[in-house]
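To keep things clear, I will list the structure first and then write my remarks on it.
The values are calculated or read from the model by the stated rules, or taken from the named source; none is laboratory data. What you are looking at is a predicted structure, and each value in this text was computed from that prediction instead of being measured. Glycine gets a Cβ as well: all are built from the backbone with ideal geometry, and neighbour counts include every protein chain shown.
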Amino acid sequence: MNGKRAFKLLKEIGYERMGGTEKEKEACERLALEIEKIGGSCKIEEFPINKGEIKVAKLEILAPVYKEYFVTGYANSGSTGDMGITGEFYYVQGESNVDIENAKGKIVLVNSLNKNLYKKLADAGILGFVTFNGDLKDKYNDVDIAYNELRDVYREIKVIQGVNMKVQDAVDLVLSEPTEVRLTLIQEEGTVASRNLIAEIEGSEKKDEVIVFTAHYDSVRYSTGVYDNGAGSVINMEAYRYFMEHKPRYTLRFIWCGSEEKGLLGSKAYVKALPEEELKKIKFNINCDVAGPVLGRDVIFVTANNEVLHYCMSVASEIGFPGTFNLDIYSSDEIPFADKGIAAVSITRFGAMGTAYIHNRHDVIKYLDYKNLEKTGNYLIELARRIDSSKYLPFDNKVSEEIKEKVDKYLFKK
């Protein structure tokens, strides 16, 4: 692949482009234009996502001494009404019976939120919840307070109003020993459109057998999203370009997924919309998510079985690609495919500690370079080329029981 060309495109889509926004649409259209320049055709498929527009988000200590904190509201977590929710405060340190018992009927601060804890707190009848983000070693003004949302798996349990604050404020809140607090959250909820971009190259021999390439092109608030995951998006484009120039035997389908950062919503919507007979045609999924850091290492997650793992390792050995390989899941768009029993691989390049950042203002182009983008992309293309050139699929298109168990847990099925 041409790393310099890919790097140029990466710079063009390097801006905040959250799922369901005009900037996400703009990035989608820019990628579509690139496909047309290559001589291909594509389609944009819209799908609805929840969107809560926060009007008011406030957390106040009412007693013993009044104090107000700057917070952001959890989108899609409902509204408290103009008067807010008033109650006792409690800091939930974990999931012990003592913590849950003491949380009943209170507004609680939690270290982090997971489905199991959320269900326990919901069953205990908490009034509202508070989370925090950041690092105490950072200066207060350098902490970007996260704009979170209450995802469907939590909403299905119960809709509870929540807010998020900076970690420094969370420390201050606990040390203030409040006896009464008020949480106010007012928002307008509804749906907006997010988008998947899809381009296909029909196979010369195996037209009804499909290999799907995925990469998500959305980012989060504050982030230019060049590392996560503009890099994967431009590698996906280079793979598309390669196979436009080298006619494949299998049908190859390239998907740039929207709203991955909101819970893999684009890939989930795509898989959900496919009829069963079309799903059966998909023989493999190659996903690319995060790439390009100057300092780092290439890590490949094989969400399939040992046969696929050994095949991927063999290709790396033959071409001298220094990757680390794991039979495991990765939190990205291969998950919905694996959930349907489709073998998948996620190709990534992780930055060395302190050299690459995701989901914050430090995900910027200066920490990446075209040579490492090219190295990762060349492995992806070579892996795909060898699979495509095989007379028969060189491994079983199956997901092992071990991986199925992990996928089920990831998707909160268990």
Can you list the strands (runs of 3 or more DSSP E) found entirely within the stretch 257-346 that contain at least 2 residues being under 23 Å from Tyr357 (Cα atoms) and touching a residue at least 40 places away in the same chain (Cβ under 8 Å)?
282-288, 296-303
Could you look through the stretch 94-149, keep only residues that are of a type in the set (Val, Ile, Thr) and over 21 Å from Leu185 (Cα atoms), and pick out the one that is surrounded by the most Cβ atoms within 10 Å (Cβ to Cβ)?
Val143
Condition first: in contact with a strand residue (DSSP E or B) (Cβ under 9 Å, 6 or more places away or on another chain), assigned to a loop (DSSP other than H, G, I, E, B), surrounded by 18 or more Cβ atoms within 10 Å (Cβ to Cβ) and not small (Gly, Ala, Ser). Now tell me which residues in the stretch 179-225 satisfy that.
Tyr217, Asp218
Just wondering, is there one or more residues in the stretch 107-128 that are in contact with a Leu (Cβ under 7 Å, 6 or more places away or on another chain) and of a type in the set (S, T, N, Q)?
no
Being within 28 Å of Asn133 (Cα to Cα), at pLDDT 95 or above, crowded, with 17+ Cβ neighbours inside 10 Å and not hydrophobic (A, V, I, L, M, F, W, C): is that true of Tyr69 here?
yes
Can you spot a residue in the stretch 56-69 that is closer than 30 Å to Ile160 by Cα, over 26 Å from the mean Cα position of the chain (by Cα) and among the basic types (Lys, Arg)?
yes
